[in-house]
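What follows is one structure encoded as structure tokens, with my remarks underneath.
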Amino acid sequence: QVRLTESGGGSVPSGGSLSLSCVISKYTASTYCMSWWRQAPGKEREGVASIDSDGGTSYADSVKGRFTISRDHAKNTLSLQMNNLKPEDSAKYYCAAWAPLASAVDASCDGDLEAWGQGTLVTVSS
């Protein structure tokens, strides 16, 4: 029912910045708790950041202070501003929609997972 489409991935040098976007197809998107997660080849999936319908946010310790998650309700868009990127940030990044009114906790959301996108690749070189 809900479709998520990520964009903004690419290749940047260490210390650079990149902004990711996720467009949500459903008009009720503002009610969902949203999050970003990432997965590098051979690595476990890692929650990066989350934001709930009230604007509350949660970040993984590894990105705290460098990444900022935000949402634009009018445009049904979720964003992730990534600054001071490091090689260990290299991964495929996915946006995910969770249960409406779920809370942002532990870089994720405390409700049922509703949908996720196909991902966008981020590569940070040394």
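The values are calculated or read from the model by the stated rules, or taken from the named source; none is laboratory data. Bear in mind the structure is a predicted one, so any value in this text is a computation, not a measurement. Quick reminder, even Gly has a Cβ in these numbers, built from the backbone with ideal geometry, and neighbours come from all protein chains shown. These area figures cover heavy atoms from the full protein model, side chains too; ligands, DNA and RNA do not enter into them. Shrake-Rupley method; radii C 1.70, N 1.55, O 1.52, S 1.80 Å.
Can you tell me which residue is farthest from residue 35 (Cα to Cα) among those in the range 105-121 that are under 12 Å from the mean Cα position of the chain (by Cα) and open to solvent by less than 70 Å² (accessible area, probe 1.4 Å)?
120
Output the residues belonging to the range 23-69 that are of a type in the set (Asp, Glu) and either within 26 Å of residue 124 (Cβ to Cβ) or open to solvent by 30 Å² or more (accessible area, probe 1.4 Å) (or both).
Within the range 23-69, 44, 46, 54, 61 meet the criteria.
Search the range 33-49 for residues being among the basic types (Lys, Arg) and part of a loop (DSSP other than H, G, I, E, B), and hand back the single one that is nearest to residue 13 (Cα to Cα).
Among them, the one singled out is 43.
Here are 31, 57: which of them is touching a strand residue (DSSP E or B) at 6+ places or on another chain (Cβ under 7 Å) and modelled with pLDDT under 95?
That would be 31, the only listed residue that is touching a strand residue (DSSP E or B) at 6+ places or on another chain (Cβ under 7 Å) and modelled with pLDDT under 95.
State whether one or more residues within the range 75-86 are farther than 17 Å from residue 102 by Cβ, of a type in the set (Lys, Arg) and in contact with a strand residue (DSSP E or B) (Cβ under 7 Å, 6 or more places away or on another chain).
Yes, because at least one residue in the range 75-86 is farther than 17 Å from residue 102 by Cβ, of a type in the set (Lys, Arg) and in contact with a strand residue (DSSP E or B) (Cβ under 7 Å, 6 or more places away or on another chain).
Here's a check for you: in the range 72-96, which residue that is modelled with pLDDT under 95 and surrounded by 15 or more Cβ atoms within 10 Å (Cβ to Cβ) is farthest from the chain's Cα centre (by Cα)?
Looking at residues that are modelled with pLDDT under 95 and surrounded by 15 or more Cβ atoms within 10 Å (Cβ to Cβ), I get 76.
Looking for something touching a Phe, Trp or Tyr at 6+ places or on another chain (Cβ under 8 Å), farther than 21 Å from residue 118 by Cβ and in a strand (DSSP E or B) - is there at least one such residue anywhere in the range 20-27?
Within the range 20-27, none of the residues are touching a Phe, Trp or Tyr at 6+ places or on another chain (Cβ under 8 Å), farther than 21 Å from residue 118 by Cβ and in a strand (DSSP E or B).
Could you say which residue among 57, 68 is farther than 23 Å from residue 1 by Cα, of a type outside the set (A, V, I, L, M) and without any contact (Cβ under 8 Å) to a residue 24 or more places away in the chain?
Of 57, 68, the one residue that is farther than 23 Å from residue 1 by Cα, of a type outside the set (A, V, I, L, M) and without any contact (Cβ under 8 Å) to a residue 24 or more places away in the chain is 68.
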